[in-house]
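Structure record follows, encoded as structure tokens.
The values are calculated or read from the model by the stated rules, or taken from the named source; none is laboratory data. Everything numeric in this text was worked out from a predicted model, so none of it was measured. Heads up, the Cβs are rebuilt from the backbone with ideal geometry, glycines too, and the neighbour counts pull from every protein chain shown.
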Amino acid sequence: MQEKLTIARPYALAAFNYAEDTAAVPAWSAMLEMLAEVVSRSDLQPLIGHPRVSSAQLCELITAILAQHLNEKRTNFIRVLLDADRLDLAPEIAELFERHKAAAAGVVDVRVESAYAISSDEQQRIAVAVSAMVGKECEVSTAVNSDLIGGAVITVGDSVIDISLRGRLRALEQRLI
């Protein structure tokens, strides 16, 4: 997954910069969300990357499905993805585009994985602490990961703060080796 995000990053940034420059961020956001849904459909998966389906045919199919969300520039973006054999990255591109959109609005996504469920009070305290650290408003999402044993792993943008028991045990193991 991380490799896909790395490859998708320049496409998402280019799309976001263009959308921002042309004041079309909502339209691009909607198109990328729909493109991600289309690319993820199980009935279209076999066609993507199939040697007998040309990129022109695939582009025609996708543009027909997304017609109401497209203009010339958004259609060209889809062609670029097809020509570079990167259409399968549409979900990651859409996700990164939304991150850029949130960052431009001054909102940072914070993901908290913990061994146990986190109460709304704890989520609020984490949001306040991270907001003070990064100087932006935070939107916190949580997930339970029993592999952590205890503590939490907090992801803020591309930064990871590992204060889990599993992370501490790994660090101790590295020091002992």
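Observations on the model:
- ALA102 vs. criteria within 13 Å of the chain's Cα centre (by Cα) and free of Cβ contacts under 8 Å to residues at least 40 places away in the same chain: yes
- Some residue of region 159-175 being surrounded by 14 or more Cβ atoms within 10 Å (Cβ to Cβ), farther than 30 Å from LEU66 by Cβ and within 16 Å of the chain's Cα centre (by Cα): no
- From the options ARG41, ARG86, residue that is basic (Lys, Arg) and without any contact (Cβ under 8 Å) to a residue 40 or more places away in the chain: ARG41
- Residues of region 18-48 that turn out to be part of a helix (DSSP H, G or I), modelled with pLDDT of 90 or more and out of contact with any helix residue (DSSP H, G or I) (no Cβ under 9 Å at 6 or more places or on another chain), as a count: 1
- Answer residue from region 88-118, given it is of a type in the set (Lys, Arg) and touching a Ser or Thr at 6+ places or on another chain (Cβ under 8 Å) and is nearest to TRP28 (Cα to Cα) among those: LYS101
- The set of residues in region 92-125 being modelled with pLDDT of 90 or more, over 28 Å from GLY167 (Cβ atoms) and not charged (D, E, K, R) consists of ILE93, ALA94, PHE97, HIS100.
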